[in-house]
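Below is one structure, written out as structure tokens, with a few remarks after it.
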Amino acid sequence: MAIVCVEDYRARARNRIAAHNWDYIEGGSGSELSVDANRTAFDAVRLRPRVLVDVAEPDPAVRLIGSGLSVPVGVAPTAYHRMAHPDGEVETARGTGVAGALFVVSTFASRTLEDIAASAAGPLWLQLYWLRDRAKLTRLVRRAEAAGFSALVLTVDTPHLGLRRRDLRNGFALDPELAPANLDDQDANLQHQGRDGESALARHAAQAFDASITWADLAWLRGLTTLPILLKGVLTAEDALLAVESEMNGVIVSNHGGRQLDGAVPSLVALREVVAAVGGRIPVLVDGSVRSGRDVFVALALGARAVLVGRPVLWSLAVGGGDGVADMLRLLTREFVQTMALTGRPRVADIDDSAIA
């Protein structure tokens, strides 16, 4: 049976990924309230189509922080793509480039930044966690610069890893062949040491992440690099304004796919207040349960410049490698273009809040 939508990849990926890894990918924190709420928020939005508009050639292309994209979609930073495919992020980069999309590479990638860059045909950004050892953080930034990455994404909603019950029940630990390929960190071996009722990844994060950082620390990172810096994990107008004041180059509205604070406001719900607070001074992106081109359209109508897609990338990678990732992104693009046409918005610039009820 043909794959005709993103969710078709989920059904096929389920039996291709080991059960404990599947729970890690799919799970959220606590009762997974935010996982469900992210999806519900998209489903609740209704569209207002305009008619008798020339939509013979809808154009989904955009420019985002200096890069041209075929579609306003990127791959969200997710760890350890080798859980889904032996070549991991190298294949993800290849497929993302074929689709003309953006790839945000995780600090916990399972392939080196250099190997990922060699396979990429599109823009790459590097996601960072703030490590206690700033020398290690500096080395990551320098390697990203040297490899041609064009922006940094600092995740700011993870001073502690969320209590992910699936991982706790599984005593989750990385399989022996998996490792954070870009961390010269002996402590990372903790991620291979499973214990009943504990997550090895959470144990490692507690040692590696600096939970004491504040807005004042951003000046150090700003002074470290000339690359644009975006903050990921912003859910309030107050923090969006502080991001602007801190000379950040963008924000990503995100509740971490429901994997951090359980019951946090859905990303799409938070998007409107963040966009209003920023007032166009810096671009706003959003992630969290994007599953269709309609979802992409809804996010743009609410003020996002682009969306990031997480779990579907791993589903499609497991099913078809880089070709699967490219096909999944093309499905999103096809649905997005169709939604543009049927709502009478032939260009991305035409998509605004007049398109939603």
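The values are calculated or read from the model by the stated rules, or taken from the named source; none is laboratory data. Here the structure is a predicted model, which means the values were calculated and not measured. Please note: Cβ atoms are built from the backbone with ideal geometry, for glycine as well, and neighbour counts cover all protein chains shown. Surface areas here come from the heavy atoms of the whole protein model, side chains and all, with no ligands, DNA or RNA. Shrake-Rupley method; radii C 1.70, N 1.55, O 1.52, S 1.80 Å.
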Exercise for the section: Kindly report the accessible area of the chain per residue (heavy atoms of protein chains, probe 1.4 Å, no ligands, DNA or RNA), in Å². Expected result: 40 Å²
Problem - Structure-derived volume of the Cα convex hull per residue in Å³: which label, when the choices are (1) 124; (2) 160; (3) 211 - result: (1)
Exercise for the section: DSSP loop (so not H, G, I, E, B), at most 12 other Cβ within 10 Å: list which GluC sites (Glu not before Pro) in segment 107-211 pass both filters. Expected result: GLU177
Handout entry: Exposure ranking of SER354, SER106 by accessible area [1.4 Å probe, largest first]
Key = SER354, SER106
Exercise for the section: Using a 1.4 Å probe and counting only protein heavy atoms, arrange ASP327, ASP115, ASP353 so the residue with the most accessible area comes first. Expected result: ASP353, ASP115, ASP327
Problem - THR226 accessible area, assembled protein chains, probe 1.4 Å, Å² - result: 130 Å²
Handout entry: Residue-averaged [θ]222 nm for the chain, counting only DSSP H segments that reach four residues, each worth -39500 (n - 2.57)
Key = -12000 deg cm²/dmol
Completion exercise
The ³J(HN,Hα) series, computed from each phi in segment 272-288 with the Karplus coefficients 6.51, -1.76 and 1.60 at θ = phi - 60°, rounded to the nearest Hz and given as x for glycine or proline, is 4, 6, 5, 4, 5, 5, 5, x, x, 6, 9, x, 10, 10, 8, 9, x
Practice task
Describe numerically, in nm with one decimal, the distance between label points set 7 Å from Cα along Cα→Cβ at ALA349 and at ASP54.
Solution key: 1.5 nm
Practice task
Normalising by the residue count of segment 244-319, find the relative contact order in percent from Cα pairs under 8 Å and 6+ residues apart.
Solution key: 30 percent
Practice task
Compute the Cα gyration tensor for segment 114-222, then decide on rounded, prolate or oblate, letting a ≥ b ≥ c be the square roots of its eigenvalues: rounded whenever a/c is under 1.5, prolate when a/b is larger than b/c in the other cases, and oblate in all that remain.
Solution key: oblate
Problem - Solvent-accessible area of LEU331 with every protein chain in place, 1.4 Å probe, in Å² to the nearest 10 - result: 10 Å²
Exercise for the section: Please give the solvent-accessible surface of GLU32 in Å², to the nearest 10, using a probe radius of 1.4 Å with every protein chain present. Expected result: 30 Å²
Problem - ASP36 versus ARG143: modelled label distance in nm, points set 7 Å from Cα along the beta carbon direction - result: 4.0 nm
Exercise for the section: Name the residue, out of ALA41, ALA219, ALA208, whose mean-square fluctuation peaks in a Gaussian network model built on the chain with Cα pairs under 10 Å. Expected result: ALA219
Exercise for the section: Could you tell me the distance between the Cα centroids of segment 301-333 and segment 119-188, to the nearest Å? Expected result: 20 Å
Practice task
Take the solvent-accessible surface of the protein heavy atoms, probe 1.4 Å, and return the percent of it on the chain that carbon and sulfur atoms account for.
Solution key: 51 percent
Exercise for the section: Restrict the search to segment 193-255; then list the trypsin sites (Lys or Arg not before Pro) that DSSP places in a loop and that have at most 13 other Cβ atoms within 10 Å of their Cβ. Expected result: ARG195
Exercise for the section: Averaging sequence separations of C-alpha pairs under 8 Å and six or more residues apart, then dividing by the length of the chain, give the relative contact order as a whole percent. Expected result: 27 percent
Problem - Scaled radius of gyration (Cα, divided by 2.2 N^0.38 Å) that segment 241-349 gives - result: 1.15
Completion exercise
Contact order relative to length for segment 79-202, counting C-alpha pairs under 8 Å separated by 6 or more residues, stands in percent at 25 percent
Practice task
Give, rounded to the nearest 20 debye, the magnitude of the charge dipole that segment 1-135 has about its Cα centre when Lys and Arg contribute +1 at Cβ and Asp and Glu contribute -1 at Cβ.
Solution key: 160 debye
